[in-house]
Amino acid sequence: MGQTTSSHAPACEQENPDVLSAASIETRKQEPGRFESWAELVVPIEVKVEDWDCEDWDCAFTFGDERKHHLERTEHGVNALKRFVKHVGQLFTRHHRTHVYALYVFLHQARILYFDRAYTLVSEPFKYGTRQDVTLHTFFWRIARMSREQLGFDPTAVLANPDDVRSMLAYAPDAPSDYVEEQIYYALSVDRQDPLSGSTSSNWPAYELTMCGRRYVVGRPMFSKPSLYGRCTRGFLAYDIEGRVVRFIKDCWRPDIDSARPEHEAYKRLNGAGVEYVLTCLGYEDVCGSDGSWQVTRTQQAVKLPRGRVAFASGHYRLLIKEVCRPLTDFQHFRELTTIMCDALTAHQDTWEKAGILHHDISPNNILIHEDGRGLEIERCGMLCDWDLCKDKEQVELDQKRGMPDSRGTRYFRSALSLQFPERPYELSDDIESFVHVYYYCVVRFHKNYGINLEYFVETTFEEGYLRKADGARISGDKKLYHMTSTRPPLSLRYQNRILHHLLKSIHELCREHYSAVDIEALRKRYDP
């Protein structure tokens, strides 16, 4: 199998993006053809030179004269597609891109691809190598004459000035917490023991990002979702160049539809209502291109979906958050985990009672740890974040009256009833139950559980599901429903951690009491055709 991944022009040179650095040129002289850095890729190209008759050739796309589909639907074809898509995902993760052009070559044919955050467009296969077959030549000719913005680079993010990067490093020892200092070094890919020695990786260059009229230095994201489509959220520690302070920037793509409320509006209500244990939103921005128009996806214009489904655009969106927080999985012990979860539950209760909002997406990624202080003088608390799927109380109650279903949220941690009966309206109790599943997940993942098959528990409780034959709806939550109604708690730590064991038992008894008032058979008759 022969495979190369190359680019038209480097993406990490500040003065002239079409000229490689001297170090890059020297490296390529010593090792010709060597793939050096994701940061330098602009247009990924994958070349396949296997013999067509080879039994295990792994081409992602079909190229034969007789074909029913663009994709090669074999095991090797699926694996090849995953690998190619992963390469494109690396560019979206490591660059600040709105879209990516790509080329897939198989023997004497090729396909051109265009990726944005909505869909992917794939050309028909075309031949190359003769005077009559000029599509490939035309493609490279046009790529070579595109501006960086036309190639998909976000004009609001440019390579950072080295002086600003040094200022960020100089600020690190004065950061408000040890964790923030660590994240500064992580973002800039420098050794904490010798931060002035320079970056240890060329794959994560520092960028100057302009937002709300201020300039920030960002580097490697603290958090990044690997998906190509959807919200594609990335989280950056951002250094305010003029203000010499660190903030958190959430970068994502939000649906461009009236029914999807921007997240900053939820934060405005939460912060205005005095809800505790939620982040402080300092600003927001619909990210615009150089012409002043909102950066939105375009592929949905060319996509035809089945009847009843609508292809909508997604727009580039950023939030500026005051606090820089740890992930929930950084808890030090289970007493702290319990405290953090209680803080998040308090935020959830206050949000519902004071601001009239239901979160609708409780998961470990949406519960954070805010840390303040250094050394032994550290205070930590829980924070409930990510309100992009939230709903007003009035809308929740209206959906219940109308019998409107809602399948949004992280499936892993949705309630048993919402997974068993997708057509059932979503309720406050479903959100609260998600906290229980998050807690169980953390205990299973981080505590020694003798006598339990970890892989089996996770698979059957959080992953397992099937498509209902009657209508194709995805049904899951069988094991969760069993846990909620069983006389025995799903986890037992009697001999490992008695205090935690009693807490888990109390949580289970509370859940079982709640489910004892639910008429499961009536729900089956109503929602299970």
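Within region 473-498, the residues that satisfy the criterion of being touching a residue at least 40 places away in the same chain (Cβ under 8 Å) and either in contact with an Asp or Glu (Cβ under 8 Å, 6 or more places away or on another chain) or not in a loop (DSSP other than H, G, I, E, B) (or both) are A473, R474, I475, S476, D478, K480, L481, H483, M484.
From the list E285, E276, E265, pick out the single residue that is within 25 Å of the chain's Cα centre (by Cα) and either under 14 Å from C385 (Cα atoms) or basic (K, R) (or both).
Checking each option against the conditions leaves just E265.
Checking each residue in region 152-171 for being surrounded by 16 or more Cβ atoms within 10 Å (Cβ to Cβ) and either free of Cβ contacts under 8 Å to residues at least 24 places away in the same chain or in contact with a helix residue (DSSP H, G or I) (Cβ under 7 Å, 6 or more places away or on another chain) (or both) picks out M168, L169. Only residues that are in a loop (DSSP other than H, G, I, E, B) and within 25 Å of the chain's Cα centre (by Cα) were counted across region 349-374, and they come to 5. Scanning region 293-315 for residues that are part of a loop (DSSP other than H, G, I, E, B), within 18 Å of Q150 (Cβ to Cβ) and in contact (Cβ under 8 Å) with a residue 24 or more places away in the chain gives Q295, T297, R298.
The requirement of being under 30 Å from M211 (Cα atoms) and loosely packed, with under 15 Cβ neighbours inside 10 Å is not satisfied by T351. I'd like the residue in region 202-255 that is part of a loop (DSSP other than H, G, I, E, B) and of a type in the set (A, V, I, L, M, F, W, C) and, out of all such residues, is nearest to L320 (Cα to Cα). Filtering region 202-255 for residues that are part of a loop (DSSP other than H, G, I, E, B) and of a type in the set (A, V, I, L, M, F, W, C), the one nearest to L320 (Cα to Cα) comes out as C212. Residue check: is D430 under 25 Å from I357 (Cα atoms), modelled with pLDDT of 90 or more and either part of a helix (DSSP H, G or I) or not hydrophobic (A, V, I, L, M, F, W, C) (or both)? So D430 fits the description; yes.
Of the numbered criteria (1) crowded, with 18+ Cβ neighbours inside 10 Å; (2) more than 25 Å from the chain's Cα centre (by Cα), the one Q132 fails is (1). Can you find a residue in region 401-416 that is small (G, A, S), modelled with pLDDT of 95 or more and touching a Phe, Trp or Tyr at 6+ places or on another chain (Cβ under 7 Å)? No, every residue in region 401-416 fails to be small (G, A, S), modelled with pLDDT of 95 or more and touching a Phe, Trp or Tyr at 6+ places or on another chain (Cβ under 7 Å). Taking first residues from region 209-233 that are closer than 16 Å to T156 by Cβ and partners that are part of a loop (DSSP other than H, G, I, E, B) and β-branched (V, I, T), the Cβ contacts under 7 Å between residues at least 6 apart in sequence or on separate chains come to L209/T156; T210/T156; R215/I241; Y216/I241; V217/I241.
For region 300-331, a residue qualifies if it is touching a strand residue (DSSP E or B) at 6+ places or on another chain (Cβ under 7 Å), under 23 Å from S259 (Cβ atoms) and not hydrophobic (A, V, I, L, M, F, W, C), and the qualifying residues are S314, G315, H316, Y317, R318.
Here's a check for you: in region 279-292, which residue that is assigned to a loop (DSSP other than H, G, I, E, B) and of a type in the set (G, A, S) is surrounded by the most Cβ atoms within 10 Å (Cβ to Cβ)? Top of the filtered list is G289. All of E394, E336, E377 fail the test of being surrounded by fewer than 19 Cβ atoms within 10 Å (Cβ to Cβ), modelled with pLDDT of 95 or more, over 24 Å from the mean Cα position of the chain (by Cα) and of a type in the set (D, E), apart from E336. Please find, within region 62-91, the residue that is surrounded by the fewest Cβ atoms within 10 Å (Cβ to Cβ) out of those that are touching a Pro at 6+ places or on another chain (Cβ under 9 Å) and at pLDDT 90 or above. Across region 62-91, the extreme among qualifying residues is K86.
The values are calculated or read from the model by the stated rules, or taken from the named source; none is laboratory data. None of these values were measured; they are calculated from a predicted model. A quick note on method: Cβ atoms are made from the backbone with ideal geometry, for glycine too, and the neighbour counts reach across all protein chains shown.
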